[in-house]
1. Of 179, 153, 160, which residue is surrounded by 24 or more Cβ atoms within 10 Å (Cβ to Cβ) and either out of contact with any Ser or Thr (no Cβ under 7 Å at 6 or more places or on another chain) or in a loop (DSSP other than H, G, I, E, B) (or both)?
2. Can you tell which of 247, 265 is surrounded by fewer than 18 Cβ atoms within 10 Å (Cβ to Cβ) and free of Cβ contacts under 8 Å to residues at least 60 places away in the same chain?
3. Can you find, within region 370-412, the residue that is surrounded by the fewest Cβ atoms within 10 Å (Cβ to Cβ) among those that are closer than 23 Å to residue 242 by Cα and of a type in the set (Ser, Thr, Tyr)?
4. Residue pairs, Cβ under 8 Å, 6 or more apart or interchain, first in region 106-132 and farther than 22 Å from residue 56 by Cα and not assigned by TED's automatic domain parsing to the domain that holds residue 205, second at pLDDT 95 or above and part of a helix (DSSP H, G or I). List them.
5. Determine whether region 287-295 contains at least one residue that is surrounded by fewer than 19 Cβ atoms within 10 Å (Cβ to Cβ), assigned to a loop (DSSP other than H, G, I, E, B) and modelled with pLDDT under 95.
6. Which residues, counting only those in region 224-279, are assigned to a loop (DSSP other than H, G, I, E, B), among the β-branched types (Val, Ile, Thr) and either on the phi > 0 side of the Ramachandran plot or over 17 Å from the mean Cα position of the chain (by Cα) (or both)?
7. Take residue 99 and tell me if it is more than 20 Å from the chain's Cα centre (by Cα) and of a type in the set (Gly, Ala, Ser).
Amino acid sequence: MPLHLGSDGGLPASLPMGTADVAYHLAMAGRPLPAGFLFSFAGGAPTLDSLRARVAERVHRIPALRYRIVRERRMFQRVDRIDLEQHVHEAWLPGDDDGSGAGRLMLSRPMGGDGRPPWDVWLVHGPTGGHTLCYRTDHTLQDGVGAAHTARALLDDDPAGGPPPHRPARPAPGGVAGALGDVAASFRRTVKPAFDLPVSGRTTMCQAVVPVARLRALGRARGATVNDVFLAAYAHAVGTWHRKATGSVHPPLPVAIPMSVRRRGEECAPGNRLVVARLLLPCDAPSPRQALAGVVARTHTLRTSRRREALRLMLTAGPRSAGARIGTRLVNGRSVAGPVSSVDFGSALVHQGSAARRAVVYSGLGGGIRCLTTLTSQHDTACFAVIHDEALATADELPDLWLAALLELERP
């Protein structure tokens, strides 16, 4: 069903939830799970009125913003009248020196109920004249790549570009075997000593910023992608973090890797269009270089076997409820430490003539997950972010340890 930007007035009155949507609904027991993008700016902030005017001009042409969640019927229902005062807000965080305060606000602020579309936009004023534009939605309605396209369509002066579309292909036999192996592994409780702590229910975040060119140079030198470098540095950071706290080696860490299956023409369509693969990060590798070699081998197998396609077919071939139950097992605190996600936003978001310095994709936590790690690339800057349960009291050390792993990879 084509739901293109610009389809004003032609949207269906209702849409059924997809398999991944139902999985998020089940994992959260019907509660909202905030997700979205943060865009940090250095210059003067726009006025709230001008921001509302931009949103009012575009909101009715963006399909994902026109639907509310009807949870008891597991469907999305179109809303024709949108009250912008309920959707566009302003806040002040004068003490937000590290740039992550806006993210903590978005994770803690209550979201609207089922009576209206579950999204909002925030203008958050920071210290020294800086500000952040925040787009927030409910993960049951939209995934990270969809949120990237929607945020750009809603806020950018020239809303073009964004993450590339998925091009479908047939899975290879190895991909089918890998997908079945992921499901089988989800039934086993895995040992994750750094993350196996009681959940507090309170979420916070921390981050670090690096040039994208630095990650690309590291990848070229080692025959790896930017995503490989991100994952390997994170694996070594977790290993170092655990060794500092306990003196022991952390075993390989199972994480969930979200992969978009959002096709061309579905950029701003409601619903989650993603699958999740299981990957073991070599936290026990003695050096970042050895961790990178292990990650490269594993992601190469993931790509060449086309496991993304195998998972997509497996989760959608049968009844929606069955696929959703499998999805909740694949991303659950019993079997994985949490999602580790990479999103390339593309060119910098420009709002009213001002270009964002960096972008961050974020999400709340559910299903017993203690930690979500993201890498968001925008123009020439990448932001490494760790969204974690406060039970992981020293997790704010991970960004610095991640940067230290990059330094080790750069040594001749």
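The values are calculated or read from the model by the stated rules, or taken from the named source; none is laboratory data. Note that the structure is predicted; figures quoted are calculated from it, not measured. For neighbour counting, all protein chains shown are included, and Cβ atoms are generated from backbone atoms with ideal geometry for every residue, glycine included.
1. Selected residue: 179, the only one of 179, 153, 160 that is surrounded by 24 or more Cβ atoms within 10 Å (Cβ to Cβ) and either out of contact with any Ser or Thr (no Cβ under 7 Å at 6 or more places or on another chain) or in a loop (DSSP other than H, G, I, E, B) (or both).
2. From the options 247, 265, the qualifying one is 247.
3. 394
4. As it stands, the answer is none, since no pair meets every condition given.
5. no
6. 225, 249
7. Spelling it out, it is not the case that residue 99 is more than 20 Å from the chain's Cα centre (by Cα) and of a type in the set (Gly, Ala, Ser).
Residue-wise test of (1) surrounded by fewer than 23 Cβ atoms within 10 Å (Cβ to Cβ); (2) in contact with a Ser or Thr (Cβ under 9 Å, 6 or more places away or on another chain); (3) hydrophobic (A, V, I, L, M, F, W, C).
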| position | (1), (2), (3) |
| --- | --- |
| 307 | no, yes, no |
| 333 | yes, no, no |
| 348 | yes, yes, yes |
| 368 | yes, no, no |
